[in-house]
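A short write-up of the structure that comes next.
The values are calculated or read from the model by the stated rules, or taken from the named source; none is laboratory data. Keep in mind the model is a prediction, meaning the values are calculated, not measured. Positions of Cβ are backbone-derived with ideal geometry, glycine not excepted, and every protein chain shown enters the neighbour counts.
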Amino acid sequence: STSWDQMFRQALVAAGTQHSRHVVHDVGEGTYTGQVFSDLFSDLVFLSNSCEGPNWTIQDLEELPVVEQIPILHRLDHSVHTVALWVESRARQLSNPWNMEQFFRVTQSDRTSRQELISD
């Protein structure tokens, strides 16, 4: 939970920095903020999967520590909605000056990497 708080703050600061007039630093195919959010999702998915243990497929449902997963899943849900709001806001900002390269980095690359992390 402490790591989520720190990573979530970093993602929000990165998102706020991208809304300024400073140059956007690209990471791979996506944006810097998208990479920070991807790291956040990766951490949350890892934590959620580690709650299930190595033999979760053969255990009874009653034995799974669902109580431990609830806070992690709540944070994951909150993070997904925050990213969706960031993508919508950033896409609107980028479409105004017709910055299509960055627009597609945010709406396609960042969004796709987030979906891949959650589906794994």
Residues (among the small types (Gly, Ala, Ser) and either over 21 Å from GLY30 (Cβ atoms) or in contact (Cβ under 8 Å) with a residue 40 or more places away in the chain (or both)) located in the stretch 72-89: SER79, SER89
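Kindly indicate whether VAL45 is over 17 Å from ALA91 (Cβ atoms), at pLDDT 75 or above, out of contact with any Cys (no Cβ under 7 Å at 6 or more places or on another chain) and of a type in the set (Val, Ile, Thr). Before the answer, list the steps.
Details: over 17 Å from ALA91 (Cβ atoms): yes; at pLDDT 75 or above: yes; out of contact with any Cys (no Cβ under 7 Å at 6 or more places or on another chain): yes; of a type in the set (Val, Ile, Thr): yes.
Here the answer is yes, as VAL45 does meet what is asked.
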Matching residues, the stretch 1-38, being surrounded by fewer than 18 Cβ atoms within 10 Å (Cβ to Cβ), farther than 19 Å from LEU94 by Cα and modelled with pLDDT of 65 or more: THR2, SER3, ASP5, GLN6, ARG9, GLN10
Some residue of the stretch 62-85 being of a type in the set (Gly, Ala, Ser), loosely packed, with under 14 Cβ neighbours inside 10 Å and modelled with pLDDT of 70 or more: yes
